[in-house]
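Below: one structure, written as structure tokens.
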Amino acid sequence: MKGLSRIDPFRLWQRSLPFRVVLTTLSAAIVILVATGWFLMDQSSRGIIAGKTQASVAEASAVVANMQATLSATDLRTTSVSEQISRLAREAASRGQVGNQYFVVVETPISQIGTAGLAAESIPDNIRALVGKDDGLWSTPTMIRFTDQRADEPGLVVATTLDAPGQAPYPVFFLFSTNQEQETLAVVQQATLATGVFLLAGLTATVYLIALQVLRPVRAARLAAENLAAGHLEDRMAVVGTEDLSGLARSMNHMAEELDKKITQLQNLSLVQQRFVSDVSHELRTPLTTIRMAAEVLHAHRSSFDAASSRSSELLSAELDRFEDLLTELLEISRFDAGAAELSIDDVDLTALARDEVSALQRLAEDAGIVMTLDATDDCVAEVDVRRIRRILRNLITNAIEHGERRPITVYVRGDDEAVAIAVRDHGVGMTAAESGLVFDRFWRADPSRGRRVGGTGLGLSISLEDARLHGGWLNAWGRPGLGAQFRLTVPRRAGEQLRGSPWPVIPPDLKEFIGVRR
Amino acid sequence: MSEVPRSPAPRILVVDDDEALAEMLHIVLGSEGFDARLCHDGAAALDAFREYRPDLVLLDLMLPGRDGVDVCRDIRAESGVPVVMLTAKSDTIDVVDGLAAGADDYVPKPFKTQELIARIKTRLRRHVTPDADVDNLRIGDLVIRVNEHTVRRGDSEITLTPLEFDLLLALARRPRQAFTREVLLEEVWGYRHASDTRLVNVHVQRLRSKIEKDPERPEIIVTVRGVGYRAGEPKSA
């Protein structure tokens, strides 16, 4: 099947420019060659036949004139007309046989006299009719047939009449063989055909070579573009050839230079951005630390304050927590944006990690009236950045608790040969399919009017998604209103490998039946 | 908080160029029963260290005069006193540099007072309890004398910082057990919940460079892939 599809002409037409050019040229050439060939054949056959006719008519009229003269001079007293006619006819026939020039038939009311062995149907009826009516010479092509074994020959009939004194004119037919001419025409035809075939072959080869020549710089440009795409911005094309081709090379090189410049600029910008993020981080964190410690000192002594100051110090502490979380996550996000985030890879048992996180957040779940369980298999070790995976998991679980509606939450851990998946399944409010595409957007909230229990910043899931991507992993959200939600993290077992699938389905398996029925 | 440190009050040298933060640290440490001294310049840090002879150093990584990592290295060159870094950039190479320069632990800014005090107390408290059943422990071709706080290979003593000693001891006490980095973080650094495993990795490297004959092919602290570390088989020296 593969071999067939490879030589499928339609495919080839779509894919190969040389094939297209050659085929187009070839089609045009065939049309032109057929037209010129037909014209050539037509003209030459007309010319040859016309020449033959002219010669034949001249010959025939000379012979007839001679016969007429003899017949007119015949002494009717000594010879009968019919006798004389048959003698003349035989004479003419024998003269015509010299050099195989022509055959003669003279029709008398009683018989046909002339060359022996000639079939009567060699003379077409239409010329026979013409001869009876009028004087003069007519000619028409015919097929000369013989009564004996000789093969039919293409020929020309020249008809005229012989006037005999006191009698009706005798029709005389000269049959000239055009065998020679037909052969000449056949040779011309063959030559024309051969020329056509040679022309076509030559044209095909030439056009193909030209197409290749034109394509070579295009292919070079393609290779150069591929190199550029692969990041070899310093690669340039050789500027050679005609104006058009060297122009192409120059344009490609110009483009490469501009790309190189732009990318260097962007890289510099990114470096500036990274440095800025780092500086902001340092500059903001140090005073924040001081403020935080001061707030804690105040908070610790709030019992000795009046009511307003006491409450103020509480608010100060609480909002500092929020401020700090927000700052941390903003910095984290800008680090991702700057491409400055780096993985610190270790072999991590994700089952153990999930167990840790589930037990660490169990209190929070219990406070929300939620039963949280872990459903994990062993041997879920993967090469990951434990800090980031822990952060993702913590985010997903707190998120599930926040939207859990006092219903159970299950954390699944599954692994196959290539990947490990952790899924957090809740049976809470759920979300629409459209919302599940938005949850990873920054500062997106399902319902702005909903109170926040855990107090996320609105950046948690965005950061989790970036963390997952940094691992070459996936983070998928599934949800339906009233059916709860499932967030699934999949990471490759070995860092840097491409994910092909996940050991855990996006749609919670406990729902599959239900979804199936709804469909 | 309620636990009053042994008298005389442990001395803590705070090296931080941010005067407001340094003063705030002074207030907080003072209220926690520590004796604190401030130093605002990296270049003056080593002199202050020699003069003050602190029990612990709180060291900011970004300092004018002399870089915090260099100050850390200077201190390590002459003392095993615990060094806790204060850093605003917790996930950059700076932290690893600081740890590699010999800092025992780090506290990322902005930190909570409780967190900082807990870290300081952990580093000041010796994990070695003298009631250990055995005084002499063998790990690889090394002999650990727990009560003496010494590690010997044959007759020569190997100088370790208290943290390195604790780390080695933790591994040596349960010779056939593989320790995860998280367990080591809890046993040696006192982290209740697993934190930055770079602490373990960097300190294991530092320790190996001191005790292994060939740190590239460790025999005393062996890496267990997918788990962590364990002690090598005891051998007679």
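Things to note:
- Rounded to 5, the percent of DSSP beta bridges in the protein assembly as shown classed as antiparallel: 75 percent
- By the helix-only formula, in which each DSSP H run with n ≥ 4 contributes -39500 (n - 2.57) and the sum is divided by residues, the protein assembly as shown has a 222 nm mean residue ellipticity of -16500 deg cm²/dmol.
- Prolate/oblate/rounded label for the range A:176-233 (Cα gyration tensor, a/c 1.5): prolate
- Between amide H atoms placed 1.01 Å from N, distances below 5 Å from A:ALA495 occur with A:GLU383, all of them 5 or more places distant or on a separate chain.
- Overall, the ratio between the Cα radius of gyration of the range B:176-219 and 2.2 N^0.38 Å, rounded to two decimals, is 1.24.
- Cα-Cα pairs of chain B separated by more than 26 Å (percent): 38 percent
- Eigenvalues of the alpha-carbon gyration tensor of the range A:466-505, scaled by 5 and square-rooted, set the equivalent ellipsoid semi-axes at 24, 10, 6 angstrom, largest first.
- Principal axis extents of the Cα atoms in the range A:346-518, from largest to smallest and rounded to whole angstrom, are 42, 37, 29.
- Calculated log₁₀ intensity ratio I(q)/I(0) where the Debye formula runs over C-alpha points of the range B:11-124, q = 0.24 Å⁻¹: -1.61
- The range B:136-231 - percent relative contact order, Cα under 8 Å, separation 6 or more: 27 percent
- Based on the Stokes-Einstein relation at 4 °C and a viscosity of 1.567 mPa s, and on the Kirkwood radius from alpha carbon pairs, chain A is assigned a translational diffusion coefficient of 38 µm²/s.
- Backbone N under 19 Å from the B:ASP214 label point (7 Å along Cα→Cβ), restricted to the range B:142-162: B:142
- P(r) tail fraction, the range A:158-281 - alpha-carbon pairs more than 17 Å apart, %: 77 percent
- Per-residue mean of foreign Cβ neighbours for B:25-35 is 1 (Cβ atoms of other chains, 10 Å radius).
- The simple Förster model, with R0 at 35 Å and r as the Cβ-Cβ distance, assigns A:ARG322 and A:ASP375 a FRET efficiency of 0.55.
- The range A:464-512 versus the range A:254-325: alpha-carbon centroid distance in Å: 31 Å
- Along principal axes, Cα extents of the range A:328-367, largest first, whole Å: 38, 29, 9
- The label-point distance for A:ALA229 and B:LEU124, in a model that sets each label 7 Å from Cα toward Cβ, rounds to 6.4 nm.
- Debye-sum result for the range A:52-170 in log10 I(q)/I(0), which assumes one identical scatterer on each alpha carbon, at q = 0.12, 0.15, 0.21 Å⁻¹: -0.42, -0.66, -1.34
- At least 30 Å along the helix axis (C-alpha) and Kyte average at least 0.5, DSSP helices within chain A: A:17-72, A:179-229
- Computed extension length for A:GLU83-A:ASP244: 49.1 nm, one decimal, from 0.36 nm per residue of separation with the Cα-Cα distance subtracted.
- Ratio Rg/Rh [Cα only; Rh per Kirkwood] for the range A:336-421: 1.02
- Directionally averaged projected area (the range B:136-231, Cα convex hull): 5.8 nm².
- Of the GluC sites (Glu not before Pro) found in the range A:161-266, the ones in coil according to DSSP and having at most 14 other Cβ atoms within 10 Å of their Cβ are A:GLU234.
- Cα gyration tensor category, rounded, prolate or oblate, for the range A:238-341 with a/c compared to 1.5: prolate
- Geometric extent, Cα atoms of the range A:1-232 - Rg, Dmax (angstrom): 31.6, 118
- As a length-normalised measure over Cα pairs under 8 Å and 6 or more apart, the relative contact order of the range A:222-374 settles at 15 percent.
- Relative contact order (%) - criterion: Cα under 8 Å, at least six apart; region: chain A: 8 percent
Throughout, read-outs are computed from the coordinates displayed, never taken from laboratory work. Nothing here was measured: the structure is a model prediction, and the numbers come from that model. Neighbour counts run over all protein chains shown; Cβ positions are idealised from the backbone, glycine included.
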